[in-house]
Amino acid sequence: MGDRVHGLGMYSLGIGDRFAHEAEAQLVAFVKAARLGVDVTPVWNKSNREHLVVGSEPVGVREAADAAACAVGWRGTYFVDADHITAATVARFLDPCDFFTLDVAGSIGRPAAAAAVEAFCARHSELTADVEVAGINAPVAMSRETTARVARHYLEAVKDAGQLYRLIVARRGAGTFLTEVSMDETAAPQTPSELLAILAALADEGIPVRTIAPRFSGRFNKGVDYVGDVAGFAAEFAADIAVVRHAVGTYGLPADLKLSVHSGSDKFSIFPHIREAIRQAGAGVHVKTSGTTWLEEVIGLAEAGGDGLALVQDVYAGAYERREELCAPYASVIDIDPACLPTPADVRGWSSERFVAAVRHDAQEPAYDRQVRQLMHVGYKVAAEMGDSYTELLAACRESIAQNVTDNIFERHLRPLFIGDQQT
Ligand SMILES: [Zn+2]
């Protein structure tokens, strides 16, 4: 049995560090927020997919996080998240992680047995007509048909989440880790109505879920801005917050349950709406940003010029040749138009400034190129295959990289989400 786990707090940000060199630079951003009186809990997340691509082990994330906390003198809590794990992949995460993101997307849509659907509807007669939820004007649209449809579509996934949760409990002890349930990597968004029924089912299954990651409307592509109806997202997000709070009160879920936004890096157009919604509701949120730090390594290397620039040009060339292979695992979260990509020969001719301008996410910059940025996002496999020649350059270009990593997390993520425009 491990120690009992702390809570996540109101605000938390998931950060990823694919090559385990940037944890300290990342944590400095949280220190800057704390100095402004805004406590945000860092959560290092790395999915099995990323470990497989990089050839790393979950224990390495724990070691990097502990070392960074020590080096920076971090006094707050922090977590290591087994991101998007399943029963098949959880084993090596059990010891080093204290946050588990149960990915049940694979069993969403596997039809539940008619008897199970029937039993769920009978148990939840409160979900067979519209539900008044504090904090939103219109009631959440529910009917027996809706509840039966959600049950048929999601109960199997919830059952799988329960099995996986209990497997982790058996190994680590209850109350020694935080549980997230993720449903984001799936084709269709979940409406507030669906979220309500899903939360009821998770409570029935006895999962003390602390964060829930629905698939929201719109595209949450990796490393680039939100694509979709921003006003629609804002309304949906506010409704989801209200539904979460209602479910906590009605179904006895943990009081600090909050929404988790996956592929949350760089969603600049919706950050003000997320901030406004949580502020108005007095709610918390978890935002996962993961791969964006790898792109800051790319930018820092390009800025350093010389070997650094040559290396990221090589990564681009490799990623360009292997685009389909690299994008395949990210199909639902990447939108690249190959016709719009510059050729590797073009990119070889770029200066440091030109390369940085293309990749750094500054929408005001005319040379910013979200096609190139997305391709570089999935291109970390090419860097991983370079082995030591990549990580040695990370060490050599430490200064320019660390500055970019810290600024990206602090200025482009923590500030718009949790701090606002107050003076530094
Ligand atoms: Zn996700």
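The values are calculated or read from the model by the stated rules, or taken from the named source; none is laboratory data. On a predicted model such as this, the values are computed, not experimentally measured, just so you know. Using ideal geometry, Cβ is built from the backbone for each residue, glycine included, and neighbour counts are taken over all protein chains shown.
Annotations for the structure displayed:
- Scanning the range 135-163 for residues being hydrophobic (A, V, I, L, M, F, W, C) and modelled with pLDDT under 95 gives a total of 2.
- Test: residue in the range 210-230 that is touching a Cys at 6+ places or on another chain (Cβ under 8 Å), part of a loop (DSSP other than H, G, I, E, B) and at pLDDT 95 or above: no
- Note on the range 212-242: residues that are away from the ligand (no atom under 16 Å from the Cβ) and either hydroxyl-bearing (Ser, Thr, Tyr) or on the phi > 0 side of the Ramachandran plot (or both) total 1.
- Neighbours by Cβ (under 9 Å, 6+ apart or cross-chain): first from the range 383-404, among the aromatic types (Phe, Trp, Tyr); second surrounded by 14 or more Cβ atoms within 10 Å (Cβ to Cβ) and part of a loop (DSSP other than H, G, I, E, B): Tyr390/Phe19
- Residue in the range 309-331 that is surrounded by fewer than 24 Cβ atoms within 10 Å (Cβ to Cβ), in the same structural domain as Arg360 (by TED's automatic domain parsing) and touching a Cys at 6+ places or on another chain (Cβ under 6 Å) present: no
- Looking across the range 355-385, the residues that are of a type in the set (A, V, I, L, M), under 19 Å from the mean Cα position of the chain (by Cα) and at pLDDT 95 or above come down to Leu375, Met376.
- Residue, farthest from the chain's Cα centre (by Cα), within the range 101-118, restricted to residues that are assigned to a loop (DSSP other than H, G, I, E, B) and within 16 Å of the ligand (Cβ to nearest atom): Ile108
- Per-region count, the range 113-134, residues more than 29 Å from Gly175 (Cα to Cα), in contact with a Leu (Cβ under 8 Å, 6 or more places away or on another chain) and without any contact (Cβ under 8 Å) to a residue 60 or more places away in the chain: 2
- When the helices (runs of 4 or more DSSP H) confined to the range 342-382 are screened for residues that are in contact (Cβ under 8 Å) with a residue 40 or more places away in the chain and surrounded by 16 or more Cβ atoms within 10 Å (Cβ to Cβ), those reaching at least 2 such residues are found at 352-359, 370-378.
- Condition check for Ala302 on (1) within 16 Å of the ligand (Cβ to nearest atom); (2) assigned to a helix (DSSP H, G or I); (3) modelled with pLDDT of 95 or more: one failure, at (1).
- Just one of the listed residues (Val59, Val31, Val43, Val38) is away from the ligand (no atom under 16 Å from the Cβ) and outside any helix (DSSP H, G or I), namely Val38.
- Residue match in the range 93-104 (condition: more than 26 Å from Leu414 (Cα to Cα) and surrounded by 18 or more Cβ atoms within 10 Å (Cβ to Cβ)): yes
- The listed residue being of a type in the set (A, V, I, L, M), outside the structural domain of His377 (by TED's automatic domain parsing) and either surrounded by fewer than 18 Cβ atoms within 10 Å (Cβ to Cβ) or free of Cβ contacts under 8 Å to residues at least 40 places away in the same chain (or both), out of Ala187, Ala200: Ala187
- Candidates in the range 62-80 are the residues that are loosely packed, with under 15 Cβ neighbours inside 10 Å and assigned to a loop (DSSP other than H, G, I, E, B); of these, the one that is modelled with the highest pLDDT is Gly73.
- Glu297 closer than 20 Å to Ser47 by Cβ, touching a Cys at 6+ places or on another chain (Cβ under 9 Å), part of a helix (DSSP H, G or I) and more than 16 Å from the ligand (Cβ to nearest atom): yes
- Conditions (1) in a helix (DSSP H, G or I); (2) within 24 Å of Ser400 (Cα to Cα); (3) without any contact (Cβ under 8 Å) to a residue 40 or more places away in the chain: number failed by Glu24: (3)
- Whenever a residue of the range 79-106 is within 15 Å of His51 (Cα to Cα) and assigned by TED's automatic domain parsing to the domain that holds Ala213, its partners that are more than 16 Å from the ligand (Cβ to nearest atom) and among the basic types (Lys, Arg), lying with C-beta atoms within less than 7 angstrom and at least six residues away or across chains, give the pairs Val80/Arg62; Leu94/Arg171; Leu94/Arg172; Pro96/Arg62.
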